[in-house]
1. VAL181 - would you say it is surrounded by fewer than 18 Cβ atoms within 10 Å (Cβ to Cβ), within 14 Å of the ligand (Cβ to nearest atom) and not in a loop (DSSP other than H, G, I, E, B)?
2. Tell me, which residue of region 95-130 that is hydroxyl-bearing (Ser, Thr, Tyr) and under 18 Å from GLY277 (Cβ atoms) is nearest to the chain's Cα centre (by Cα)?
3. Taking LEU28 as meeting all but one of (1) in contact (Cβ under 8 Å) with a residue 24 or more places away in the chain; (2) within 22 Å of MET105 (Cβ to Cβ), write down the number of the exception.
4. Of the residues VAL207, VAL202, which is under 23 Å from GLY157 (Cα atoms) and touching a helix residue (DSSP H, G or I) at 6+ places or on another chain (Cβ under 8 Å)?
5. Within region 192-288, considering only helices (runs of 4 or more DSSP H) that don't extend past its boundaries, which have at least 3 residues that are buried (at least 21 other Cβ atoms within 10 Å of the Cβ) and within 14 Å of the ligand (Cβ to nearest atom)?
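The values are calculated or read from the model by the stated rules, or taken from the named source; none is laboratory data. As the structure is a prediction and not an experimental result, all values here were calculated from the model. Neighbour counts are summed over all protein chains in view; Cβ atoms, including those assigned to glycine, are modelled from backbone coordinates with ideal geometry.
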Amino acid sequence: MLRTVILAASRSPQVERLVATAPFTRDLVRRFVAGAKTDDALRATRELVDDGLAVTLDNLGEDTVTPEQATATRDEYVGLLRRLAGAGLTPAAEVSVKLSALGQMFDEQLAYDNARAICAAAEEAGTTVTLDMEDHTTTDSTLDILAKLRKDHPSTGAVLQAYLRRTESDCRELATAGSRVRLCKGAYKEPESVAYQSAREVDKSYVRCMNILMSGDGYPMLATHDPRLIAIGEDRARWFDRGPERFEFQMLYGIRPEEQARLAGEGYTVRTYLPYGEDWYGYLMRRLAERPANLMFFGRAVLSK
Ligand code: FAD
């Protein structure tokens, strides 16, 4: 119920204005977001890499509505990749890209062209791109664009969401040599016709999808903070004899950092998803919806002011 309310608020410009101007918001944003500027992102990347973690950077922004905004996002990524390479942070750092930020909602060809420019810049920088997955109305379009991008840039990765009923079949399609797939539970409010609704069903689907990816020929990226799923991931890695160069765990910046350090300390590849930029509202609200206990953090921040 609370999750539904928070996800609805994530689409509301009125609530966004309220949250953005609240004096306590800064502390909350800082917990989950590296900062507003590219320099902040580079600084946080350096710290994570020095701690033995790999990184994927997300320039925050979604639902872009003009070609100019889409082009500006593309240019930000291209500049970021050059700076990461210049700072010696590739290949440890790669980038995650939302196609909606590149124009997918109004011009699929433009989104593809922009994504292709980012993939080319990543290749030049010696690193990779992963396409984030948004709500289910975009899944087909995102997978189509992925297939086109992989013709020239085969290392381009995609995200599959275990809560979607279609995902087991998508995992089978993508569990092939050279394919990089990030498996997550899924963060959007989706109807029952396309998505499992209970946590138990989503978890069971995650395990089925993980089995397909870990037994396949691709490179699985297990994106979850769920202790049970992480333990199953460790078990499958042993079972399928996958060392740290053949799969990875991924978690979000600011969430279970001690677990990220533990796994890295045990020799696993662990990648932290690091968002930065001004447009943090939708991202922050999805994090709150996943874990209403974070509202306590929010509450404490309010009370301490
Ligand atoms: P949950 O059942 O939500 O959580 C398990 C446990 O993890 C909780 O009990 C708690 O201990 C901890 N935890 C989880 N979330 C939080 C939080 N916000 N704050 C504090 N503790 C928490 N979703 C998409 O739809 N598309 C994407 O492209 C996408 N990319 C992602 C990339 C990465 C690297 C990661 C880690 C997640 C991504 N997600 C994406 C989000 C994902 O779908 C889930 O919404 C999110 O990861 C929470 O699910 P969970 O597997 O951690 O399990």
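1. Considered against the rule, which asks whether it is surrounded by fewer than 18 Cβ atoms within 10 Å (Cβ to Cβ), within 14 Å of the ligand (Cβ to nearest atom) and not in a loop (DSSP other than H, G, I, E, B), VAL181 comes out as no.
2. Keep residues of region 95-130 that are hydroxyl-bearing (Ser, Thr, Tyr), which gives 96, 100, 112, 127-128, 130.
Adding the requirement that they be under 18 Å from GLY277 (Cβ atoms) leaves 96, 100, 130.
Numbers: SER96: 6, SER100: 14, THR130: 8 Å.
Checking each candidate, the answer is SER96.
3. (2)
4. Working: VAL202 fails: touching a helix residue (DSSP H, G or I) at 6+ places or on another chain (Cβ under 8 Å).
Going through VAL207, VAL202 in turn, just one is under 23 Å from GLY157 (Cα atoms) and touching a helix residue (DSSP H, G or I) at 6+ places or on another chain (Cβ under 8 Å): VAL207.
5. 199-215
To keep it simple, each residue is scored yes or no on (1) buried (at least 22 other Cβ atoms within 10 Å of the Cβ); (2) aromatic (Phe, Trp, Tyr); (3) touching a helix residue (DSSP H, G or I) at 6+ places or on another chain (Cβ under 8 Å).
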{"site": "THR38", "(1), (2), (3)": "no, no, yes"}
{"site": "ASP50", "(1), (2), (3)": "no, no, no"}
{"site": "THR56", "(1), (2), (3)": "yes, no, no"}
{"site": "ASP63", "(1), (2), (3)": "no, no, yes"}
{"site": "PRO67", "(1), (2), (3)": "no, no, yes"}
{"site": "ARG82", "(1), (2), (3)": "no, no, yes"}
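The rows are residues; the columns are (1) touching a strand residue (DSSP E or B) at 6+ places or on another chain (Cβ under 7 Å); (2) over 24 Å from GLY282 (Cα atoms); (3) modelled with pLDDT of 95 or more.
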| residue | (1), (2), (3) |
| --- | --- |
| ALA187 | no, no, no |
| PRO191 | no, no, yes |
| GLN197 | no, no, yes |
| GLU201 | no, yes, yes |
| MET210 | yes, yes, yes |
| SER215 | no, yes, yes |
| TYR219 | yes, yes, yes |
| GLU234 | no, yes, yes |
